[in-house]
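Presented below is the structure to which this report refers.
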Amino acid sequence: MRFKTIKDIIDFSRHLHTELARQYAELEQLATAERAQLMLDYLNRHEQHLAEALKDYEAGAASGIMDAWLQYTPELDAHQVLERIRDMDINNVEEVVATALATDEYLREIYEEVAQRADLDEIREVARSLRQIESNEQYRLARDALRFSDL
C-alpha cells in the first residue's frame, strides 16, 4: 500500500465515476434492448451526478484535511471495475444494475477501509461522509432500479 492523501482518494473516485459515465453512454449506444438503453442512460446520469458531488465535496472541504497523508490506503484499481462493466451483458437490465451496485459497493468499501485505518478523527469523518454519500446513492440506484422494473 502506498501513501496517499484523502484528496487522492477523492480524485480516484471522481475520475472513476466520470469514466463509468462515459462507459455507460457508449454502452447505451450499443444496447439493442430499449429497457437496457434506458437503464444505461440512467446510470450515465447517476455517475455524472456522483462525479459532480465529489467535485463539490472536495471544493468545500478544508484544504488541510484534503492534503493530510494517509499511512495505509486500500489498493485503488479502476481497471478491475471497468473490466466488469465491459464484460456484462448490456441487454440484461438485471446484470447491468447488479454490476452498477457492485461498483458502488467497491467505492463504499474503500471509504470504509480509509475510515477504519485513519489516524486522525478528521480523516475518519471525511471517509465516513464519503461512504455515506456512496451508500445513499447505492440505495437510490437500487430503489430506482426496482421502480424501473415495475414499468
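The values are calculated or read from the model by the stated rules, or taken from the named source; none is laboratory data. The structure presented is a predicted model; accordingly, all values stated were derived computationally and were not measured. All Cβ positions, even for glycine, are placed from backbone atoms using ideal geometry, and neighbour counts span all protein chains on display.
The residues in segment 139-151 that are over 24 Å from Val114 (Cα atoms) and either in a helix (DSSP H, G or I) or not hydrophobic (A, V, I, L, M, F, W, C) (or both) can be counted, and the count is 9. Being part of a loop (DSSP other than H, G, I, E, B) and either surrounded by 15 or more Cβ atoms within 10 Å (Cβ to Cβ) or at pLDDT 95 or above (or both) is the filter here; which residues of segment 52-71 pass it? Those that are part of a loop (DSSP other than H, G, I, E, B) and either surrounded by 15 or more Cβ atoms within 10 Å (Cβ to Cβ) or at pLDDT 95 or above (or both): Ala61, Ala68. Take the conditions (1) under 22 Å from Glu26 (Cα atoms); (2) in a helix (DSSP H, G or I); Asn136 misses just one of them, which is (1). Evaluate the following for Leu76: is it outside any helix (DSSP H, G or I) and hydrophobic (A, V, I, L, M, F, W, C)? Criteria met by Leu76. Could you please find all residues in segment 25-51 being without any contact (Cβ under 8 Å) to a residue 24 or more places away in the chain and buried (at least 18 other Cβ atoms within 10 Å of the Cβ)? Correct list: Glu28, Gln37, Asn44. Test Val114 against the stated conditions and say whether it is more than 11 Å from the chain's Cα centre (by Cα), farther than 23 Å from Glu34 by Cα, modelled with pLDDT of 90 or more and β-branched (Val, Ile, Thr). Spelling it out, Val114 is indeed more than 11 Å from the chain's Cα centre (by Cα), farther than 23 Å from Glu34 by Cα, modelled with pLDDT of 90 or more and β-branched (Val, Ile, Thr).
Looking across segment 81-111 at every residue that is of a type in the set (S, T, N, Q) and within 13 Å of the chain's Cα centre (by Cα), the one that is nearest to Glu26 (Cα to Cα) is identified as Thr99.
Looking across segment 114-128, the residues that are surrounded by fewer than 18 Cβ atoms within 10 Å (Cβ to Cβ) and part of a helix (DSSP H, G or I) come down to Ala115, Gln116, Arg117, Asp121, Glu122, Arg124, Glu125, Arg128. For segment 68-87, the condition of being more than 16 Å from Phe12 (Cα to Cα), without any contact (Cβ under 8 Å) to a residue 60 or more places away in the chain and not charged (D, E, K, R) holds for none of the residues. For Thr99, the test of being in a helix (DSSP H, G or I) and touching a residue at least 40 places away in the same chain (Cβ under 8 Å) is failed.
Among the residues of segment 129-146, those that are exposed (fewer than 15 other Cβ atoms within 10 Å of the Cβ), of a type outside the set (Ser, Thr, Tyr) and closer than 27 Å to Asp67 by Cα comprise Gln132, Asn136.
Picking from residues in segment 10-35 that are in contact with a helix residue (DSSP H, G or I) (Cβ under 6 Å, 6 or more places away or on another chain) and among the aliphatic types (A, V, I, L, M), the one that is nearest to Glu83 (Cα to Cα) is Leu20.
A single entry from Leu16, Leu82 fulfils the requirement of being surrounded by fewer than 18 Cβ atoms within 10 Å (Cβ to Cβ) and either more than 16 Å from Ala145 (Cβ to Cβ) or not small (Gly, Ala, Ser) (or both): Leu82. It is to be established whether one or more residues within segment 42-50 are in a helix (DSSP H, G or I), over 24 Å from Leu76 (Cα atoms) and in contact with a helix residue (DSSP H, G or I) (Cβ under 9 Å, 6 or more places away or on another chain). Scanning segment 42-50 turns up at least one residue that is in a helix (DSSP H, G or I), over 24 Å from Leu76 (Cα atoms) and in contact with a helix residue (DSSP H, G or I) (Cβ under 9 Å, 6 or more places away or on another chain).
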